[in-house]
Each structure stands twice: as C-alpha cells, then as structure tokens.
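Below you'll find the structure, written out as structure tokens, and then a few comments.
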Amino acid sequence: MSFFKVLLSFFFLFIALHLNLASAATFDIRNNCPYTVWAAAKPGGGRRLDRGQNWVLNVNPGTAEARIWARTNCQFDGAGRGKCQTGDCGGLLQCQAYGVPPNTLAEFALNQFMNLDFIDISNIDGFNVPMEFSSVSGGCNRVIRCTADIVGQCPNQLKIHLHQSPPFPISGPSSLYFLSLIFLAIS
C-alpha cells in the first residue's frame, strides 16, 4: 500500500474518532441530599451514592429517550438484586429499564434534530427528590434549580403514602428545562 493511502486511511480514522468523541456527553451525578440515594440511568445502570458522592456517566452520541433518576430507600443483596421504595427498576441495582413512579426524571437526547442536545427535568412520573442541572460545556454556564418543597405544597389527595418515608406527590404540572445533574436536599 502506498504511503499516500496509509496516510489517507489514518486521516479518515482520526476524523471519525475525533467526531465521535467530540459528540459524546459526560454527566457528573452528585448526591447533595442528607440521605443515601441510588442513582439510576438508562442507559448507564445504577449505583449507590451516599451524601456528597458522585458518579461520572459517559453517554454515547446519538443517545435518545434516556433518563437519569434517584431511587430511595433501597436494599440490594451482593448480586445486585433487591428493591427500592421509589424509582425501582425491576429490582436491579444496575438498571436496564426505566424506574417506576414516583420518581423525578432527568431526560435527555443527544445529537438529535440538527445535531442538538435536548435535556429536561420532569415530574410527569411524580416526585421523589429535587434536582438541578448545570452546564459545564463551552460557552454555556447556566444553573437552574428546582428546590421547592413539592411534597409540602402538594394537596393531600395527590400524595402517595409509603412506609418509612414522607409522602410523595404522584404528579406534577410542569417540566423544567436544565442542562449536569445534582440530587438536592430540601431545606
């Protein structure tokens, strides 16, 4: 093979790798609640996060219909099987499906229409923890918080009362648009 063909092959390989890496996203998921949450992501799996701990999640470009959420009051065995009071995903520590309500959702789709990323926080499946998205990408430095005491403000007839925990609202009227993910404590 001629030197030109080898050089051309490496050039195309470099461009393909560069474009692929440049389009991926990294989410820094941090627990700022005063209690343990079990962070979950589809795609991505799940993991226990004690107060102040974080989980770095790398997501492939072109990912669509993806979610990140917190699960609460979980118990898992050594094989990663168990259950959570909120946001459970089939009894697995490493989620392979979406969580069941109630759970606050961070939803995203990367490199979609016109190569744009779409990200939002939603209470459509209920509420279990407050969240924050903040961007750390070039040129965008917005921080938007949803730290209201939704449980305290929710009418009693819309609450689900679960054992060993405060009541959780089962639905919310709006979605808030945000950009990195933090589970927050309500103070």
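Listed values, structure above:
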{"quantity": "Nonlocal amide H pairs with Gly45, under 5 Å, H built at 1.01 Å", "calculated": "Cys95"}
{"quantity": "Segment 44-100 - Rg (one decimal) and Dmax (whole number), Cα, Å", "calculated": "11.8, 34"}
{"quantity": "Net charge of neighbours whose Cβ lies under 9 Å from the Cβ of Ile121, counting Lys and Arg as +1 and Asp and Glu as -1", "calculated": "-3"}
{"quantity": "Gain upon complete extension [Leu116, Thr36; 0.36 nm per residue less C-alpha separation]", "calculated": "25.4 nm"}
{"quantity": "Net charge of neighbours whose Cβ lies under 10 Å from the Cβ of Ala39, counting Lys and Arg as +1 and Asp and Glu as -1", "calculated": "+4"}
{"quantity": "Stretchable slack from Asp50 to Arg81, in nm (0.36 nm times residue separation minus alpha-carbon distance)", "calculated": "9.3 nm"}
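Each value in this text was obtained by applying a stated rule to the coordinates, not by laboratory testing. As the structure is a computational prediction, the values presented were derived from the model and not from experiment. No Cβ is skipped: glycine too gets one built from the backbone with ideal geometry, and neighbour counts run over all protein chains shown.
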